[in-house]
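See below for the structure under consideration.
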Amino acid sequence: MTTDRLSGAVLVVFALLVIFESRHYPLGTFRLPGPAFVPILLASLLLIFGMLLVFTSGDAPRISSIRWTEWHHAAAILAASVFAVFATERLGYRLTVLLIVGFLIKVVERRGWMQTLGLAFGLAFGSFYLFYTLLRVPLPEGPFGF
Amino acid sequence: MVETLHNLYIGFAVALSPNVLLYAFVGCVIGTLVGVLPGVGPLAGISLLLPASFGLDATSAIVLLAGIYYGAMYGGSTTSILMRIPGEAASVMTCIDGYEMTRKGRAGAALAVAAVGSYVAGTVSVVALMLLAPPLASFALRFGPPEYFALLLLGLLMLAYMSGGSILKSLAMATLGLLLGMIGIDPMTGFFRFSYGLVELGDGIGVVPVAVGLFGLSEILLTAGQPTPPEVKKPRLRELLPSRQEWRASLWPIGRGTVLGFLIGIIPGSAHIISSFVSYAVERRLSKHPERFGQGAIEGVAGPESANNSATSGAFVPMLALGVPSGPIPAVMIAAMMVHGISPGPLLIAQQPQLFWGFIASMYVGNVVLLILNLPLVGIFVNVLKVPYPLLYPSILIFCVLGVYAVNGSVVDVGIMTVMGALGYVLRKFDFETAPVVLGLILAPMMEMSFRQSLSMSSGSYGIFINRPIALVMLVVGLALLVLSVAPWLMKTLDWRQRFGLASGQEK
Amino acid sequence: MREIYSSNGLGLHRQIYFIFALLILLLFLFGLTAESFGQDSFPNRPITIVAPFPPGGVADLTARPVAAAMEKVLKNPVVVVNKTGAAGAVGMSYVANSKADGYNLLMALSSISIIPEADKLFDRKPAYTMDQLIPIALISADPTIFVVNADRPWKSVKEFVEEAKKRPGEISYSSSGVYGTLHMAMEMLSHSAGINLKHVPYAGAGPALTAILGGHVDTLASGPAVVIPHIKAGKLRPLAGWGAKRVASLPEVPTFKELGYDIEFYIWAGLFAPRGTPAPVMQKVRESVKQSVNTPEFKSAMEKLETPIAYMDAPEFEKFWQKDAKMLADAIKRIGKIEIPEAK
């Protein structure tokens, strides 16, 4: 199983999903296209591309050759980002940043407390000052007054 | 001519007055800051500071806002080159070759060429704006939905020239981007498409979260956990400036980018975003060594950066000459003018000469200020690379989140960025290019809308695309380009058959 | 995370994990249950006015002078925040669903009545309903005016209607979007005059204006402020206005009512609060708005924008809003879903 075959197959499935989901919206005609017209057109194109990819990828590398060694860190970063989505408006910007940076530098990167706290506080309060106070970009404040 | 020079003299007198000069400077600095921040582009920057400009007099306010716009375009290239994070949607193309140059230790050269190219493009386009504003604006107004559709189709066809790797994969990615652009309210009928109950998706997935996610976030996802830190050669002081060869190579791309960007910029709508994509494609097509693109070709930085700066001035042409809100940014500028009691319209230039000429002059001044600001900053910015990566990437993450959040004050955008980051990570593992997705996402809503508007205007007849001269010309050019790109492949096939025929002929 | 566990055994890093998790949990719980302090004296925190449209638009430009004036009157910061999206639905639903403590107000345009109706039309769960919001005050009400491209021959509404009857479905108009305010206005005209026009929707009032200036459509319904410069320059010709009275800066332009069409349409901007806001708070807010619209700075700011002030306090505004909403609801039901012919 090569990378191209797998990705081609995924694209085919996705295209079929889109076509299926588009059934809710009217199709219209060639003269007066409806909301589903262009999505179905594009999805059909994607379907063709996906199938071409599946059938013509002779010389693509095998799946097993892809290396995922860095996925631990990637997962941590994604988790931090997801946390930001839910926490920013509930805990406030600065607290969220503190937690995220603290987590990434202390727990994932295993650096010392000095570096961790320094960078965490620096980033959280520094960026807040720069963008909220100086540039008037609205950034949420948390329930503790900061 | 004499009158123009006289007016320009008035304009400079206004622009160089200490007050106005101060605001131009402040605008440029703020703009650079805003541009450096990932995601927050010129529109967000201007919108955020619009209220601050209400207390100033009209000329200072406009100069401030224009300075922010310009500064953001300059600043956007910085993060693109240094960290492969697009400062705004238009800087996406700079990420590709700019970052490769950074990895080869040529970060300083890339930044310098970007700054100089932006300066040249900015200045030349301001001159063009000054001399050609009214006639150009009338021409630009003739772009209606059919012309717009033809232009965007042309932009999409350019895609074929953009990609290094497999064309099939790039086309698939572009289609994916186009499909992502379908999410949101269908403007022609009011249906909410693919939004699954999330009101925030009503306007579709924003370009900014997708660009920052696909490029910036995916980059740190890929590099953070690498056992050895990313190979970034630290440049020595001497190597900060481009070599003579690099300057020579950048000359023509800067020139072409300037012209291309300006022409695309004057067209009403958000077409100016695609100027950098088109410029990249053109440079790649015209280059004698296209395989260098994607590995750190300086033309891939010089062209797009010049194009998006001159598109900036181009965007002001319809606004200043005719009072037409030719895009979201000119619309905000028009609002700023209206708050000060100035109604922009065709008579603006005649009735408010100090505003117009002061504005023009301040753009010259702004460009100089930005060049002076950015060149020494090259040295400073490059030092950012010296920070150990384990400390750098959390900072990058924070700035990405901040930038994306700041655009709309919406955590949904941050969520989109996260999803796109994960997607970009997987795509790059599977050897897909991510730039076509962004291009597709930008083009899709505009293309679909102009397509259906055109059919609406013609009551269903497809002839409208052929009956209108501008649209017809662009479609023909597009077709020609398509044929040209397919031709080599076609030739190879014919050639093969011929050779086969010859061989079997010989065998007999 | 193997590296994290392997080196120091279970000790230090597990503990850190645990503490972090506990901390985060505690903070979450705190955050979810935090009471707002000091409910006694309103206001003691910055008040937010949400403008559900991008900066530079009518809602935004009206909200800012109001915020500035209220700030002076209340001696308390009042900030304008843009929450854009979905033709205003994002910002409107945000305020409709926010805490009713008087710190989150909405500056909405007449489209506030349109969006829930449109949602009903499409069998969608509405982003918000109109009873989630209570009116505070009406600030401005721009009568829409009907302009045609100056190259077109019609010099009066009568000529225009005659031509439209001769060529149904051919004369075009642009709008800011399907079911938007500009579309609604034209729809009411079409119904009242018994004509059939071609609608070409655009993505916003700006592009709609650009379209008529470029001659790609024939007519447009628009707020007066943005088209007056073009009228003066001779690019657009005003034929009539949807107001009850003639527009002050265009005294020779008749109203549709004068010409015999019983239609009235304003693009109005008003302040709203979430339902359930306590009465004393509402009273204070209404008072401050009443004072704000009378300050000289506010008056001069609105004058510069060429937008007349049309202040109405809550009770009158409520009546106005109900009447306007009913009219719009009827128009939407009449338009129905845009006809999409079945694919053969």
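The values are calculated or read from the model by the stated rules, or taken from the named source; none is laboratory data. Every value quoted in this text rests on a predicted model; they were computed, and no experiment measured them. No Cβ is skipped: glycine too gets one built from the backbone with ideal geometry, and neighbour counts run over all protein chains shown.
Structure summary
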| item | result |
| --- | --- |
| Enumeration of residues in segment C:174-219 that are facing chain B (nearest Cβ under 9 Å), in a loop (DSSP other than H, G, I, E, B) and either of a type in the set (Phe, Trp, Tyr) or touching a Leu at 6+ places or on another chain (Cβ under 8 Å) (or both) | C:TYR179, C:TYR202, C:GLY214, C:GLY215 |
| Selection status of B:LEU347, within 9 Å of chain C (Cβ to nearest Cβ), more than 16 Å from B:ILE273 (Cα to Cα), in contact with a Pro (Cβ under 8 Å, 6 or more places away or on another chain) and surrounded by fewer than 24 Cβ atoms within 10 Å (Cβ to Cβ) | yes |
| Candidate set: segment B:426-448, residues that are in contact with an Asp or Glu (Cβ under 9 Å, 6 or more places away or on another chain) and at the interface with another protein chain (Cβ under 7 Å from one of its Cβ atoms); chosen: the one surrounded by the fewest Cβ atoms within 10 Å (Cβ to Cβ) | B:ASP431 |
| Residues satisfying the stated conditions in segment C:68-119, i.e. in a helix (DSSP H, G or I), more than 17 Å from C:ARG45 (Cβ to Cβ) and among the aliphatic types (A, V, I, L, M) | C:ALA68, C:ALA69, C:ALA86, C:ALA87, C:ALA89, C:VAL90, C:MET92, C:ALA96, C:ILE112, C:ILE114, C:ILE115, C:ALA118 |
| Failed criterion for C:VAL247 (all others in (1) at the interface with chain B (Cβ under 10 Å from one of its Cβ atoms); (2) within 24 Å of the chain's Cα centre (by Cα); (3) part of a loop (DSSP other than H, G, I, E, B) hold) | (1) |
| Search result, residues across segment C:155-181 that are at pLDDT below 90, touching a Phe, Trp or Tyr at 6+ places or on another chain (Cβ under 8 Å) and of a type outside the set (S, T, N, Q) | C:GLY177 |
| Test: A:ALA75 is under 19 Å from B:TYR389 (Cβ atoms) and either within 7 Å of another protein chain (Cβ to nearest Cβ) or not in a loop (DSSP other than H, G, I, E, B) (or both) | yes |
| Some residue of segment C:299-310 being of a type in the set (Ser, Thr, Tyr) and within 17 Å of the chain's Cα centre (by Cα) | yes |
| Only listed residue being within 9 Å of another protein chain (Cβ to nearest Cβ), surrounded by fewer than 22 Cβ atoms within 10 Å (Cβ to Cβ) and at pLDDT 85 or above, chosen from B:LEU217, B:LEU222, B:LEU176, B:LEU168 | B:LEU222 |
| All positions within segment B:387-416 that are within 7 Å of chain A (Cβ to nearest Cβ), crowded, with 23+ Cβ neighbours inside 10 Å and not aliphatic (A, V, I, L, M) | B:PRO394, B:TYR405 |
| Answer from A:PHE20, A:PHE49, A:PHE55, A:PHE30 - the residue that is at the interface with chain B (Cβ under 7 Å from one of its Cβ atoms) and more than 23 Å from the chain's Cα centre (by Cα) | A:PHE49 |
| Criterion violated by C:VAL285 - all others in (1) under 21 Å from C:SER190 (Cα atoms); (2) touching a strand residue (DSSP E or B) at 6+ places or on another chain (Cβ under 7 Å) satisfied | (1) |
| Given (1) within 7 Å of another protein chain (Cβ to nearest Cβ); (2) at pLDDT 85 or above, number of the condition B:LEU423 does not satisfy | (1) |
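Quick grid of which residues meet (1) more than 13 Å from chain B (Cβ to nearest Cβ); (2) touching a His at 6+ places or on another chain (Cβ under 6 Å); (3) surrounded by 18 or more Cβ atoms within 10 Å (Cβ to Cβ):
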position: C:ASP60; (1), (2), (3): no, no, yes
position: C:ILE114; (1), (2), (3): no, no, yes
position: C:PHE122; (1), (2), (3): no, no, no
position: C:ILE145; (1), (2), (3): yes, no, yes
position: C:ARG167; (1), (2), (3): no, no, no
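A quick yes/no check of all residues on (1) touching a Ser or Thr at 6+ places or on another chain (Cβ under 8 Å); (2) buried (at least 24 other Cβ atoms within 10 Å of the Cβ):
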position	(1), (2)
C:GLY56	yes, yes
C:ALA68	no, no
C:GLU71	no, no
C:VAL81	yes, no
C:LYS125	no, no
C:TYR128	yes, no
